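FYI, it's all coordinate maths here, none of it is from the lab. Quick caveat: nothing in here was measured; it's all calculated off a predicted structure. Cβ sites come from the backbone with ideal geometry, for glycine too, and all protein chains shown count toward neighbours.
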Amino acid sequence: MDLDSGFSESGIQQRRRASYRRSRSLLLAVRAANSLRRLMDIGLAVLLLTMMSPLMGPLWIYAHLSGGGIRRLPRLGRWATHFEQYEFDFPGTSAGFALCYLRCLPALLNVLKGEMSLVGPRPVSPEATIIGERTAWKRYDLRPGLLSLWWLRKRANIAYSSEVDLDVEYVETNSLWGDFGIAIRAIPAAFWGGGVSSAPPELKFLGVRIDNLTMGEAAAQIVGLTRSKVPAQICFVNADCVNISFSDGKYKDTLSGARFVLADGIGVRVAGNIFNQHIRENINGTDMLPYLCAATEEAGLSLYLLGGRPGVPEGAAAWMRERYPELRIAGLRHGYFSTDEEPEVIEGIAASCADILLVALGAPRQDKWISAHMHELGVKVGIGVGGLLDFYAGRIPRAPVWMRELGMEWLYRFWQEPRRMWRRYFIGNAIFLYRVIRERVRPQRELNPKEGTVL
Ligand code: UDP
């Protein structure tokens, strides 16, 4: 029946019709996107299987010879239906880089069968399912993926609140374009990413020791240190800091004397990978601050913020007060003071009776400053935090997450301050990499008497 004939529509009817048309076109768009995604999954899976087919036979034989074969892992798929994910099983073989990825090849058959996607939420085993978590069910709206946002963030060392949250974030924001981005960003993450499983508790290269803690652990340790009678110092080191430690003996001593030295940035992470000492999490001060604020608030401790331009510590404090209302900020002060004003700055901090002091004067100055004045400051923990207050005060925007996933935060920083940063990133990183490779090959050259003198 033609609704338009015979009588004019009331406003309500017109609105209903428009809303019906809108939801119908939305539904059609979702269906079209899903079909397109499925078509692309099939096309790419066929392509990958064809390209990898010469390898599949030998891998299958190798898996059987090593006592394995094809493993079937129980998984929950779309709408929480059960399926088995295929993967090569190489028992007794240490998971080298190539094997680690080749192992997943049979899961392309799951993609063809319609049980998985190339990109999607993380495939979870039925035992690991969080039944009570209401939002967790959203992760089953889509087929689980060979690649997931969780895998990417984990490999790229970007902190996330929980695996479920990442899956839900993926489901709520997914698009073909987004999947394409994840696939592209997965390439550098696969090569440079951290390998949590093989990470030692402490790394040492180029004369610098790095404590391999996660952000949660570091925040908990810092809070724990406030119970000690001896004040403790925490430093963050990036490639530039390691370079500085070569020419600045005082800074090198400061790093050796620090209670914890934490890794910051892709340079140190790449160096760790070259030395086969994987960094568990890129815990730069900026990413760690929310963890630290939460832990400090819970423990009833107080913070003092020193550094940045006038107005910057105030801005960072406002950010903290808004999110952590119970957090005590014992005091704050900008970082542009002369040597003559230094005693007054130190007195101010001591009088505040703060437990934890964050110093943002730039490395290595901030770290040497903390070390030199630790016993006058009266605080229990002093942390050098670089440009952290600038980020939280909103003075300098942080690189978008996709850039951080690509390990490109440095490029964003360079873009913001090219004149200051070009030397650090282009010259400094090259020197750092040269030093790392030199130290890496040195022991092998020493073992080989024909090689001649050691560099
Ligand atoms: N800064 C300061 N006083 C100074 C020089 C610098 O408070 O005399 C601050 C500056 O405003 C910035 C921070 O120190 O907030 C240095 O940030 P940067 O990003 O350079 O840190 P880095 O990465 O060099 O450690």
Equivalent ellipsoid, segment 246-294 (semi-axes from 5 times Cα gyration tensor eigenvalues, Å): 21, 18, 9
On Cα atoms only, tilt of 342-352 relative to the major axis of the chain in degrees: 60 degrees
Where the Cα pairs of segment 169-273 fall when distances are cut into 10 Å bins, in %: 12, 35, 28, 16, 8, 1
Angle between the chain longest axis and helix 163-173 axis [Cα atoms, degrees, rounded to 10]: 60 degrees
Rotationally averaged projected area of segment 344-412 (alpha carbon convex hull; nm²): 5.7 nm²
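Using a 10 Å cut-off around each Cβ, can you sort THR81, THR226 from fewest to most neighbouring Cβ atoms? Spell out each step's value before the answer.
Working: THR81 10, THR226 17.
Result, fewest neighbours first: THR81, THR226.
If you place +1 on the Cβ of every Lys and Arg and -1 on the Cβ of every Asp and Glu, how big does the dipole about the Cα centre of the chain come out, in debye to the nearest 20?
Here the size comes out at about 1180 debye.
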Proxy reagent accessibility, fewest Cβ within 10 Å first, across VAL171, VAL401: VAL401, VAL171
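Could you sort 423-434, 327-338 so that the peptide with the highest average Cβ count within 10 Å comes first and the rest follow in order?
Working: 423-434: 15.0, 327-338: 16.9.
Averaged packing, sorted descending, gives the order 327-338, 423-434.
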C-alpha long axis of helix 11-65 to longest principal axis of the chain, angle in °: 80 degrees
Under 23 Å from LYS380, Cα to Cα: lysines that are on another chain or at least 8 residues apart: LYS229, LYS250, LYS252, LYS368
Long-range tail of P(r) for segment 282-382 (Cα pairs > 21 Å, %): 29 percent
32 Å tail of the calculated P(r), the chain, as % of Cα pairs: 52 percent
